[in-house]
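Read the structure below first, then the notes.
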Amino acid sequence: MAQNYYDILGITRDATAEEIKRAYKKAALTHHPDKGGDEDKFKECGAAVETLTDERKRAAYDSTLIRLRSKDGLGSGFSRFVARDSSSERPRPSAGAPKPAAPQPAPHVPQPPKAKKNVEIPSDPSSLSIKELKELLTALGIDHEGCLEKADLLALLRDRKAARYSDTPRESAPKPPPPASSTASASHGAGRALRVKVMSIGSATVGKSTLIKRYCESRFVQKYIPTIGIDYGVKPVRVLGHDLKVNFFDTSGGDEFREIRTEFYTMGQASAVLLVYDVTNRKSFADLSLWLEEAHSHGCPLSRANRGSCCVALCANKLDLGRRAVSRAEGEDFAASHGMRYFETSAATGEQVTEAMNYLFEQAVLLGLARSSMLDET
């Protein structure tokens, strides 16, 4: 069944592959759940780009649209054509017929102003998620259309707080905010979970997605299905007595999706990274330095040499295949030189997958990354 893939991405049927990727990048950033977007729409964007960037799938999809006479991807020109065609069939008034009287505008009835609710701005709004910030701005009557970044939303709140403070009489100065520790404990006691963001990085076909799927779903998908742009998933876990909501950002290792991938280094604000290579593929190991360089150049330093703030698990994956091209000693040396923890994993057997994930979650808590800005509703 047709899914209106062209309209989902806001493109026409003659869009080039480059135009499709640019449209997906824009749509993915708009609808990404971590940006306060709709998770279902984000998944629809992924399904659309997966179909439209594959020549065979796109051809089959286009054939379905023609058979169903679908308007998907025909753009506004099609609507104008339909309107023009239907208007030509309307009967024209005769020359002697009196002109119909122009409709009189309805008398303006003033509406009573809506009572504004007394909305409190938290002392530390940075502890709110993007979705919560947008809801707060809406409640305050502040226009935030077009603001995607958390920093922009916080700036709008700061402006409102500054305006409120300037209007406040000196004798009624606002009370100082409570200590951060008490605020955090109260928020956590109100049924909130610590949010940990895990980003997977590595060359294509090394098994990043299968490692995440093995951990989240306890199963192994043998058929290779390349990740289109970036995939997203959430799993609740309990670590060291803390309830966590783990957000997985599973990135594509393909060069064609580099522009999309790099947007998420800073946007994802990753607190932990799964850096993966294939022990049977020497090049995927040699490319690890390039991945560190890419992340660092986009504001996400991972190496100890660059004072990286993320905890990183280096996964030597596909251990079950047995055709090693990279020794254990080489992997351990690379991990040690960059301040990472080394794991030898297999998505097929599940070996050390849980251990690698739990290490990331525990470090995120122990290193203080589970702070107030990571709080999110369960």
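Observations, loosely collected:
- Close amide-amide hydrogen proximity is noted between Lys197 and Asn247, Ser271, Ala272, each under 5 Å apart and 5 or more residues distant or on a separate chain (H modeled in the peptide plane; Pro and chain starts excluded).
- Asp72, Asp159, Asp243, Asp278 arranged by Cβ crowding within 10 Å, fewest neighbours leading: Asp159, Asp243, Asp72, Asp278
- Here the Karplus curve 6.51 cos²θ - 1.76 cosθ + 1.60, taken at θ = phi - 60°, turns the phi angles of segment 338-344 into couplings of 10, x, 10, 9, 9, 9, 9 Hz, with x standing for Gly and Pro.
- For Ala325, the amide hydrogen comes within under 5 Å of the amide hydrogens of Thr280, Asn281, counting only partners 5 or more places away or on other chains and with H modelled in the peptide plane.
- Taking label points 7 Å from Cα along the Cα-to-Cβ direction, Arg158 and Ala59 give a separation of 5.5 nm.
- This ranking places Lys26, Lys197 by how few other beta-carbon atoms lie within 10 Å of each, fewest first, which gives Lys26, Lys197.
- Likely footprinting exposure, Ile142, Ile66, fewest C-beta neighbours within 10 Å first: Ile66, Ile142
Every number here is computed from the coordinates shown, using simple stated rules; none is lab data. A quick note: this is a predicted structure, and the numbers were derived from the prediction, not measured. For neighbour counting, all protein chains shown are included, and Cβ atoms are generated from backbone atoms with ideal geometry for every residue, glycine included.
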